[in-house]
Amino acid sequence: MTRALVLLSSALLALAPITIVRAADDPPKGPTEGVLRIYVTDTKGEPVAGGKASVTAYLDYGGLKKTVTLDPVEPKKGGDVKDPGAGKHGGQVVKTDDDSVELLVVKDAASRPVAAPAFEARIPLVVYQDSMKDAPPSETPGSCPKCGMAMEAHSATFSAVVTVKSGEHTVTAKGFHYPADQGPKSIADAAKMITGNLDRIDALITSGKLAGIRKVAKKVTGASKTIVNLAAARPAGEQATVKKAAEDIADTCAALTKSAKANNADDCKKAVARLRALVASLPK
Ligand SMILES: [Zn+2]
């Protein structure tokens, strides 16, 4: 009866796909911190308020481990309603956009929609690591404790386990990966997704809304990352070319974002043209 249904949601100010930034003087755009929010209900779908449960998140940033105790907050009214769907279990990303990623975990088949998170905590969204990756990422910049190389800023990736203690019951929810793999399943799909986003960027340039480009460019960068992964399934002779094109797409997206920030529409157009040429070079 009191067995809890746990819904985990996080609204994070960085995007879904991983963006690896190459130089220490060019850190990832966006905040270094985000907010982790968690939805908790009982099996009847009634929200479990802060005084009725304690919530802990165990985050693993590829070796950097953080245990976060969430603070109870006044549930916001009128937020997005999360409907996990009946019969689902485990963690999933249900929403990704420019400044939020929402994760949902279902621990009970009798799941019901939940309207408001009652717990939250701030978590890092940027970590530091050198290219050797011989030591776990660090929350703070500086030199690698192992080899002394300068560590670079990277957009955070992590897995999470969440426990909710309510009365004598403890529920453990596993299976979260941030960012979630929501990417395209084939290079052709990725190319299509990129082209769609380039069309959106063209519209933003035309309407003078360059500030909106960054979030769309991030989606293109994410798709390029997926292409790198999908390249492994291509014929051996093709892999290096595909990988190079994908990396060039990511680099061009970074240039595009800079041009957008500088409010330089001409350079934005050039970057988009270059991106279209790179996409056209991908295998069909
Ligand atoms: Zn090192």
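Just so you know, all these numbers are worked out from the coordinates, no wet-lab data involved. As the structure is a computational prediction, the values presented were derived from the model and not from experiment. Neighbour counts are summed over all protein chains in view; Cβ atoms, including those assigned to glycine, are modelled from backbone coordinates with ideal geometry.
Just to verify a number: FRET efficiency for residue 251 and residue 66, C-beta to C-beta distance, R0 = 35 Å, to 0.05? Please report the intermediate quantities before stating the final value.
On the way: r = 31 Å, r/R0 = 0.89.
Efficiency, from the Cβ-Cβ distance: 0.70.
What number, in percent, do you get for the relative contact order of region 156-284 if the mean sequence gap of Cα pairs under 8 Å and at least 6 apart is divided by its residue count?
Numbers: 153 pairs, mean separation 30.8, N = 129.
24 percent.
Per-residue counts of other Cβ atoms within 10 Å, averaged by peptide: what ranking do you get for 60-71, 155-166, highest first? Can you show the working numbers first?
Working: 60-71: 15.0, 155-166: 20.5.
Highest-to-lowest ranking by the protection proxy: 155-166, 60-71.
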| query | Hey, got a sec? Which GluC sites (Glu not before Pro) in region 129-197 land in a DSSP loop and have at most 16 other Cβ atoms within 10 Å? | reply | 139, 168
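How long is the gain from residue 169 to residue 273 if the chain were fully straight, where each residue apart is worth 0.36 nm and the alpha carbon distance is subtracted?
Values: separation 104, 0.36 × 104 = 37.44 nm, distance 5.70 nm.
Gain on extension, residue 169 to residue 273, equals 31.7 nm.
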| request: First measure r as the distance between the Cβ atoms of residue 146 and residue 177, then evaluate 1/(1 + (r/R0)^6) with R0 = 25 Å and state the FRET efficiency to the nearest 0.05. | output: 0.45
